[in-house]
Amino acid sequence: MTSLANGWRDRWNAVKRLPAVFVIVWEAGSFVVLSGVVFRLIFALIPLAVLAISRKIIDAIVAHVTHQNALPPMFWWLVAAEFALAMLAGVLGRAIDFTDSLLADRFTRHVSVRVMDHAARLDLQRYEDPVFYDKLERARVQATDRTGMIRALGMILQQGITAVTLSAGIFPFLALAVAAARALRGAGFSG
């Protein structure tokens, strides 16, 4: 049980260090960080926009089939808008990958320069101590390995926004679905 508690304590200590990591990431490339966040925000909102446009397309088709009306003039504009959103999602996915790679490169370079600056201020005796030198090298390697964590945090942010916006977009239809289920049960359908 103590190993489980120690594992959670280690995780919590790692979470407490995130603000310091964010500061270093911002110093490494603030414009790249800002671009990546904006791209992820837009990418996270695309599914909600596709949902809204798909609903209008389906409503137009249902009205056309049930009432034998002509398709509304805006129908093909809606289809084109959905296609454009799909293309935008593809482009934004590539842009996010590019900013992630660029940020990883800049972060690695920034951390390496900071470690070298720190090492340049040390006495020569420190370098003769193999234990200290190993610690310095491990610090550099571990710091550059944090790029995967930064990317994962960006994905969590993006997927969280997508989940919240899609939930908010679907929530108004929940009452309609409950009412339809009750009406079907009242009409003798079981399910």
Query raised in the report: Between the helical axis of 18-28 and the dominant principal axis of the chain, each derived from Cα atoms, what acute angle in degrees is found, rounded to the nearest 10?
Result: 80
**Report entry** Trp77-Leu174 FRET efficiency (beta carbon distance; Förster radius 30 Å; 0.05 resolution)
**Finding:** 0.55
Query raised in the report: Taking the Cα centre of the chain as the origin, how large is its charge dipole in debye, to the nearest 20, when only Lys and Arg (+1) and Asp and Glu (-1) carry charge on their Cβ atoms?
Result: 500
Requested in this report: Specify the residue with the greatest mean-square fluctuation among Arg146, Arg17, Arg114, computed from a Gaussian network of the chain linking alpha-carbon atoms under 10 Å apart.
Outcome: Arg17
Query raised in the report: ³J(HN,Hα) across segment 88-100 via Karplus (A = 6.51, B = -1.76, C = 1.60, θ = phi - 60°), whole Hz, x for Gly/Pro?
Result: 4, 4, x, 5, 5, x, 5, 5, 5, 4, 5, 5, 4
Query raised in the report: Which one of Ser101, Ser35, Ser167 has the biggest mean-square fluctuation once the chain is modelled by GNM with Cα springs under 10 Å?
Result: Ser167
Report task. Please work out whether segment 1-52 counts as rounded, prolate or oblate from its C-alpha gyration tensor, where a ≥ b ≥ c are the square roots of the eigenvalues and a/c under 1.5 means rounded, while otherwise a/b larger than b/c means prolate and anything else oblate? Result -> oblate
Report summary line: The helix 130-144 Cα axis meets the longest alpha-carbon principal axis of the chain at an angle in degrees, between 0 and 90 and rounded to 10, of 20
Report summary line: Given a Förster distance of 22 Å, the FRET efficiency implied by the Cβ-Cβ spacing of Arg11 and Val141, rounded to the nearest 0.05, works out to 0.60
Report summary line: On the formula 1/(1 + (r/R0)^6), with r taken between the Cβ atoms of Ala119 and Arg94 and R0 of 41 Å, the FRET efficiency rounded to 0.05 is 0.65
Query raised in the report: Any idea what angle helix 147-170 forms with the longest principal axis of the chain, computed on alpha-carbon atoms, 0 to 90 degrees, nearest 10?
Result: 20
Query raised in the report: In whole percent, what relative contact order does segment 2-167 give with Cα contacts below 8 Å and a gap of six or more residues?
Result: 36
Report summary line: Out of Ile42, Ile58, Ile170, a Gaussian network model of the chain with alpha-carbon springs under 10 Å gives the largest mean-square fluctuation to Ile58
Requested in this report: Using 0.36 nm per residue of separation minus the Cα-Cα distance, give me the extension gain between Leu18 and Leu34 in nm, one decimal.
Outcome: 4.0 nm
Query raised in the report: Dipole of segment 2-167 (Lys/Arg Cβ +1, Asp/Glu Cβ -1, origin at the Cα centre): which of Ala5, Leu92, Gln158 lies farthest to the positive side?
Result: Ala5
Report summary line: Debye calc, one equal point scatterer per Cα of the chain, no solvent, log10 I(q)/I(0) at q = 0.19 1/Å comes to -1.28
Query raised in the report: How far apart, in nm, are two points set 7 Å out from the Cα along the Cα-to-Cβ line at Val50 and at Ala163?
Result: 1.9
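All of the numbers you see were taken from the coordinates with simple rules; none came from a lab. Please read these numbers as outputs of a predicted model, since none were measured by experiment. Using ideal geometry, Cβ is built from the backbone for each residue, glycine included, and neighbour counts are taken over all protein chains shown.
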